[in-house]
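Written out below as structure tokens is the structure these notes cover.
The values are calculated or read from the model by the stated rules, or taken from the named source; none is laboratory data. Here the structure is a predicted model, which is why all the values come from computation and not from measurement. Every residue, glycine among them, receives a Cβ derived from its backbone with ideal geometry; neighbour counts consider all protein chains shown. These accessible areas exclude ligands, DNA and RNA; they are computed on the full protein's heavy atoms, side chains included. Shrake-Rupley method; radii C 1.70, N 1.55, O 1.52, S 1.80 Å.
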Amino acid sequence: MHKKEFFRKMLAIAIPVALQNLINFGVNMMDTVMLGKLGETQLSASSLANELGFIFMIVNFGLGSGLGILTAQYWGKGDVLSVRKVLSLAYRLTVGIGIVFTAIALTVPEAVMRIFTTDQAVIAEGVRYLRIIAFTYVINGVSVTSINMLRTVGVVKISVVISSVSLVVNVFSNWVFIFGHLGAPALGIAGAALGTLIARVVEIIIVLVFMGFFERQIVFRPKDLFLKIDSQIKKNFVSYSLPVLCNETIWSVGSSMLAVIMGHIGSDMVAAASIANLVRQFAFILMQGVSSASAVITGHTIGEGDYAKAKEQARQFLLLSVAIGLVNCLVMTLLKGPVVGFYNVSDSTREMARQMITALTFICPFQSVGMVILIGMMRGGGDSKFVLVWDVGSIWLAAIPLGILTGWLLHWPAPIVFFFLRFDDVVKSIACLFRMKSGKWIRDVTKTA
């Protein structure tokens, strides 16, 4: 009965999150396929220009995950007012961070692109993209923060609705503005950015309407934006949430360094990696859902004070992560041929993409364990400092040095370089297994509140 209840709770969170990720995958796939029809230059430019947005997205994810540790455990204790205060803090921070990233994209877009590549054609196209996509950062930050906070209190279905509408709007807008249908101008890469902006505006409208008129758990209202944040919540934020925010910020910069390494090897490697990562994203859909479920369920259980139950759930999540990782290897292998064939790229780039996907299948089981146990369960359990050390340390001390060594110094083939650029997943997955066995990852972050 205990296991049945566990799986019921897990699936209630994991399935909607997985569906949301599946829809997001559809959006990203259509973006890359449509841009791929324009050629490798546009595909590479959008991939590199999106690195700035990627950093913001991960920073925002870190903010949501860090504050989600508090909301999940406060919710487990039945303290709804504190949940509102945490959400108020989340909104203030995400808008402030979004404004900074928007300013960077609008004022120095060429400088941003030059970090990643020296190809003038790619830089010029990337600048066109950045000047429009910059306006999505703040509104997307508010949407994602809302969805993440709602998820921690068990409200997950709305995310599927938002993502479904976004898919339709984005794909239609891309079709109109990239290629110039229905009398619109053919804007190329700028059309893709405009399509994304339109979709993000629709998303935020749905989020605000839902939060204002239909949400019944947190019942957050505009006046709650001005709630006074208790000193204890601030203390818990610094102790448990700030390390997560720092974790994701430093990790995202490290991940962008991987793009720098590839960008300076060649635009063909960037294009091939963009295709390979799309297949990787599809394979990880269920994994990300289970990771979100593990964070929420673990937070609730620890908030209730049942540590023995949390340890039992940890074992279940570990078994699930291994199984999902092995299934994903098979999925990536099956998708390799069909997906690569969609793109209007050279034969050599297609072959490079296929080899990169093969390399990813060896990494996949390790990433599954790392995402579900380290990023999901241990972060939900309040062990954010351990997650910070290993998530950040593995990319900066393993993946980046190995990428520079194999790519810039030894000039090994691109697929082998790509494998080592993902080697951090192997390192941190092994570390989290030892931490899990010790039981030191269980921390009640609200016990002094």
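Of all residues in the stretch 245-259, those that are closer than 14 Å to Leu388 by Cα have Cβ atoms under 6 Å from Cβ atoms of residues that are open to solvent by 50 Å² or more (accessible area, probe 1.4 Å) and modelled with pLDDT of 85 or more, 6 or more apart or on another chain, in Gly254/Trp396.
When we screen Gly183, Gly154 for residues that are more than 27 Å from Ser46 (Cα to Cα), outside any helix (DSSP H, G or I) and either basic (Lys, Arg) or open to solvent by 40 Å² or more (accessible area, probe 1.4 Å) (or both), the only hit is Gly154. Ile357 fulfils the conditions (1) of a type in the set (A, V, I, L, M, F, W, C); (2) under 28 Å from His300 (Cβ atoms); (3) at pLDDT 90 or above except for a single criterion, (2). Within the stretch 254-274, the set of residues being in a helix (DSSP H, G or I), open to solvent by 30 Å² or more (accessible area, probe 1.4 Å) and touching a Phe, Trp or Tyr at 6+ places or on another chain (Cβ under 9 Å) comprises just one member, Met257. When we screen Ile395, Ile373 for residues that are over 30 Å from Gly305 (Cβ atoms), buried (at least 24 other Cβ atoms within 10 Å of the Cβ) and under 17 Å from the mean Cα position of the chain (by Cα), the only hit is Ile395.
Given Leu245, Leu194, which one is in contact with a helix residue (DSSP H, G or I) (Cβ under 8 Å, 6 or more places away or on another chain), modelled with pLDDT of 90 or more, hydrophobic (A, V, I, L, M, F, W, C) and in a helix (DSSP H, G or I)? Steps first, answer last, please.
Working: Leu245 fails: modelled with pLDDT of 90 or more.
When all the criteria are applied, what remains is Leu194.
Scanning the stretch 90-103 for residues that are open to solvent by less than 60 Å² (accessible area, probe 1.4 Å) and either under 21 Å from the mean Cα position of the chain (by Cα) or at positive phi (or both) returns Ala90, Tyr91, Leu93, Thr94, Val95, Gly96, Ile97, Gly98, Phe101, Thr102.
Screening the candidates Gly78, Gly39, Gly53 for the property of being without any contact (Cβ under 8 Å) to a residue 12 or more places away in the chain and either surrounded by fewer than 22 Cβ atoms within 10 Å (Cβ to Cβ) or out of contact with any helix residue (DSSP H, G or I) (no Cβ under 8 Å at 6 or more places or on another chain) (or both) yields one hit, Gly78. Scanning the stretch 301-319 for residues that are open to solvent by 40 Å² or more (accessible area, probe 1.4 Å) and under 13 Å from Gly376 (Cβ atoms) gives a single hit, Leu318. Restricting the stretch 105-151 to residues that are of a type in the set (S, T, N, Q), open to solvent by 50 Å² or more (accessible area, probe 1.4 Å) and in a helix (DSSP H, G or I), the residue that is farthest from Ile261 (Cα to Cα) is Thr107.
Only one entry of Arg84, Arg92 meets the criterion of being in a helix (DSSP H, G or I), closer than 25 Å to Phe226 by Cα and out of contact with any Phe, Trp or Tyr (no Cβ under 9 Å at 6 or more places or on another chain), and that entry is Arg92. Screening Leu388 with (1) over 17 Å from the mean Cα position of the chain (by Cα); (2) farther than 27 Å from Val270 by Cα gives one miss only, at (1).
Based on this model, can you work out whether Ile206 counts as crowded, with 20+ Cβ neighbours inside 10 Å and in contact (Cβ under 8 Å) with a residue 24 or more places away in the chain? Spell out how you get there, then give the answer.
Details: crowded, with 20+ Cβ neighbours inside 10 Å: no; in contact (Cβ under 8 Å) with a residue 24 or more places away in the chain: yes.
So Ile206 does not fit the description; no.
Taken together, the residues in the stretch 331-358 that are under 21 Å from the mean Cα position of the chain (by Cα) and either open to solvent by 50 Å² or more (accessible area, probe 1.4 Å) or in contact (Cβ under 8 Å) with a residue 60 or more places away in the chain (or both) amount to 2.
Yes/no matrix, rows are residues, columns are (1) in contact with a helix residue (DSSP H, G or I) (Cβ under 9 Å, 6 or more places away or on another chain); (2) part of a helix (DSSP H, G or I); (3) of a type in the set (Lys, Arg); (4) within 30 Å of Leu242 (Cβ to Cβ):
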position	(1), (2), (3), (4)
Ile400	yes, yes, no, yes
Leu405	yes, yes, no, no
Trp408	yes, yes, no, no
Trp412	yes, no, no, no
Ser429	yes, yes, no, yes
Phe434	no, yes, no, yes
Lys440	yes, no, yes, yes
Asp444	yes, no, no, yes
